[in-house]
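Reviewing the structure listed below.
Bear in mind that the values in this text are calculations on the coordinates, not laboratory data. Given the structure is predicted, the values throughout are model-derived calculations rather than measurements. Positions of Cβ are generated from backbone atoms using ideal geometry, with glycine treated the same way; all protein chains shown enter the neighbour counts.
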Amino acid sequence: MADEEKQLGTNVVAIGSDSGSQKPRDKALEKKLIWKTDLILMPALALAYLTHTLDRANLGNAKTDTLEKDLGLVGNQFSLLLILFYIPYALMNVPFTLLSKRFNPAVVIPTIMTCWGIMAMCAAATKNFGGILATRILMGAVEAAFFPCAIFYCSLFYTRHELSFRTSVFGCMGFIAGAISGLIAWSVFQWDNALRGWQYLFIIEGSLTVGVGLLLFLVLPHSIEKSRWFSEEEKRLSRLRREEDSQDVDKNFRWEDAKKETKDWTTWIFTLMPLLYGVGVASSSNFLPTIVKRIAITPAKANLYTVGPNLTAAAVQLATTWVSDKFQQRATIACGTLFVSFLAWILLAVLNLVKHVEVGYFLTYLLTFGNFTPGILVPVWVASNTTTTTGRAFRLGLNFMAQNLAGIISSAVFRAQDAPVYKPALITVACCQAVFMVLCLGLRGHFRRLNKKLERGEVIHVSGGKERPEYRYAL
């Protein structure tokens, strides 16, 4: 756990400024500031991520309806739709995150939301593979921006000790979206009207996104300093709090800060890790309805069976990220939760579950148990150990680019000829997760050794260390 915060009394704590001095702050006022920030940011970002996940993952639900037949998809064309979606979804992460540093995430997030909602609705009008492919590629390009921009946005309001649980709060809406999408899909697939069920699904979820995007133009503050909801005293405290984590607190974009991160080898380990855990994230999001379809009495009920695992995963993620913030441990908790999912992927691959479908369904609960937790904790870990805001935006962009590229691997290994068990794909996911756990714990050991050297005075200058000698790396 970090040592830089020391208790000075019952009402104040000390923080380091850029000059290395200690400045007291009122704990009661700080609690009020955090609570007020939570009330403004968390519901808005939660709604945004809900619509993001609904629109990104609805293709998996549509597959259980008549989408493939209606569009004339043959062979591995469905997998190709997923693969080609993930290419722009990965490549646009870094540009959009850097744009959010330049133009503010409060502008970028609502803009891209409105765009991907329109694309989702347009997908309902497609008639063939080429049409659905065009809408998915455009959707992937703009959806790429959301999560890295959202975490970067939160890092401008919260300290690194507060980021994990709050990122999880709106991140859990991904699980809620999985449950809601399953319920919506199950309902609309039974409609017998002018349109197909999957078309109603795209229209409903796309229009919801556009509405929320327009609302967020009005709700999201550009900063605490520019918001009318905060007092002058709270604005001053906010500036002090930001000095804990950033050498720069202005809006200027600095290419030299981004270039400096490319020379740090830990940047590339932080980029490799999401590529590894991202295979499991994408596989759960896109293929969970397909995996549980074999235990459903009717294909439409496969969507209902995804509700329980998603809700359970949301509860687990909230609990583990709260513990992560309390004890300031990122790597060990990420690996601990993922290990449960790692076992589930292996068991789903090697056990004969044809006659024991109940066991297979139980394993889907374990599968989603820790699959998504590293996707919260690792980006927060990245943000916590990057002291310039431009460098933070760049690193977060790389992180999510790698995670989204993992979607290509996932889509490629879930081949039609391996249905219904998909054994090669399940083993691939498990192997990727095993390598991630080794790298994650190894990087934690590296930062732990650096912190010990800082304590002993063997190392003086680290990222931010010259300006704040009390700075320690997050673990």
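Couple of notes before you dig in:
- FRET efficiency for R254 and L183, using Cβ-Cβ distance with R0 set to 45 Å, rounded to 0.05: 0.45
- Contact order relative to length of region 151-253, as percent, for alpha carbon pairs under 8 angstrom and 6 or more apart: 33
- Local electrostatic count, F129, Cβ distance below 13 Å [Lys/Arg +1, Asp/Glu -1]: +1
- Taking label points 7 Å from Cα along the Cα-to-Cβ direction, I87 and K452 give a separation of 4.8 nm.
- From phi via Karplus (6.51, -1.76, 1.60), per-residue ³J(HN,Hα) for region 347-353 in Hz, x at Gly/Pro: 5, 4, 7, 9, 8, 8, 9
- Basic side chains Lys and Arg get +1 at the Cβ, acidic Asp and Glu get -1 at the Cβ, and with that the dipole of region 295-419 about its Cα centre reaches some 180 debye.
- The HN-Hα couplings worked out from phi for region 377-392 by the Karplus form 6.51 cos²θ - 1.76 cosθ + 1.60 (θ = phi - 60°) are 6, 5, x, 5, 4, 4, 4, 5, 9, 10, 9, 9, 5, 5, x, 5 Hz, whole numbers, x standing for Gly and Pro.
- Gain on full stretching of the segment that runs from A315 to L80 - 0.36 nm per residue minus C-alpha separation: 81.3 nm
- Placing one equal scatterer on every Cα of region 320-388 and applying the Debye formula, the log10 ratio I(q)/I(0) at q = 0.24, 0.25 Å⁻¹ is -0.95, -0.99.
- Between F327 and A416, the distance separating the two model label sites (each 7 Å from Cα on the Cα→Cβ line) works out to 4.8 nm.
- In sequence order, calculated HN-Hα J values of region 359-364 (Karplus, 6.51, -1.76, 1.60; Hz; x Gly/Pro): 5, x, 5, 4, 5, 5
- Residue-normalised convex hull volume from the C-alpha trace of region 69-224: 121 Å³ per residue.
- Helix-only arithmetic for the chain: the sum of -39500 (n - 2.57) across DSSP H runs with n ≥ 4, divided by the residue total, places the mean residue ellipticity at 222 nm at -24000 deg cm²/dmol.
- Close amide-amide hydrogen proximity is noted between E162 and no other residue 5 or more places distant or on a separate chain, at a cut-off under 5 Å (H modeled in the peptide plane; Pro and chain starts excluded).
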